[in-house]
1. Starting from the Kirkwood Rh over alpha-carbon pairs, what translational D in µm² s⁻¹ does the chain have by Stokes-Einstein at 4 °C and 1.567 mPa s?
2. Placing +1 on the Cβ of each Lys and Arg and -1 on the Cβ of each Asp and Glu in the chain, which of I133, L60, W85 has its Cα farthest towards the positive end of the resulting dipole?
3. Counting only protein heavy atoms and a 1.4 Å probe, tell me what percentage of the chain's accessible area is made up of carbon and sulfur.
4. If you put +1 on each Lys and Arg Cβ and -1 on each Asp and Glu Cβ, how big is the dipole of the chain around its Cα centre, in Debye rounded to 20?
5. Which of P171, A42, L2 sits closest to the plus end of the dipole of the chain, meaning its Cα is farthest towards the positive end, when Lys and Arg get +1 and Asp and Glu get -1 on the C-beta?
6. What shape does segment 19-120 take by its C-alpha gyration tensor, where a ≥ b ≥ c are the square roots of the eigenvalues and a/c under 1.5 counts as rounded, a/b above b/c as prolate, and the rest as oblate?
7. Relative to the Cα centre, what is the charge dipole magnitude of segment 1-93, using +1 at the beta carbon of each Lys and Arg, -1 at the beta carbon of each Asp and Glu, and rounding to the nearest 20 debye?
8. Accessible area per residue of the chain at 1.4 Å probe, in Å²?
Amino acid sequence: MLIKPRVFGDERGFFMETYRRDKFTELGIPEEMKQDNHSRSAAKIVRGMHFQIGDGAAKLVRCGRGAIYDVVVDLRQGSPTYGEWEGFELSDENHHVVYCPVGFAHGFCVLSDVADVMYKQSNYYADETERGISYRDPDVGIEWPIPVDELIPSERDTNAPTLREVEGELPFRYEA
């Protein structure tokens, strides 16, 4: 879900609410967020596609500096959109926020020289529940706005398995 918050701006700058529990509940976001994260990345860095098993973790993602292309992939077995992706540009100019529910992988690539990405999680991060699929999985077919051979991943993301390789282990189920 893409959220476009109200931004109040004038010659001094701007003000916006980045999180307001009652408004997010009205939008259909049931999770209470438990952890805030902040990452800084250089141009062409790709991070993802990450998700947590167990209880999972929903995320609210925004870009406070620069611009990113933010992507979510549906990992819920039985979903009509299983294995499909959706992407959104998030920037310090558009102030958009992406809601990534439990059962979706999340990742992004940096479009600007540098980007600060802030996100809230509905569960605490734990190494033992962290998983990922390849950002270049040909079956998922994410159309990154930067050529995939120019993206700069971590070693872990470089070696991430494809969705097909891990789908039998995924705990997520679609509920209509």
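The values are calculated or read from the model by the stated rules, or taken from the named source; none is laboratory data. Only a predicted model underlies this, so the values are computations on that prediction, with no experimental measurement involved. Cβ atoms come from the backbone with ideal geometry, glycine included; neighbour counts cover every protein chain shown. Accessible surface is based on the protein model in full, side chains and every heavy atom, while ligands, DNA and RNA are left aside. Shrake-Rupley method; radii C 1.70, N 1.55, O 1.52, S 1.80 Å.
1. 78
2. L60
3. After summing per-atom areas, the C and S share lands at 48 percent.
4. Result for the chain is approximately 420 debye, rounded to the nearest 20.
5. Of the options given, the answer is L2.
6. oblate
7. 260
8. Per-residue value: 54 Å².
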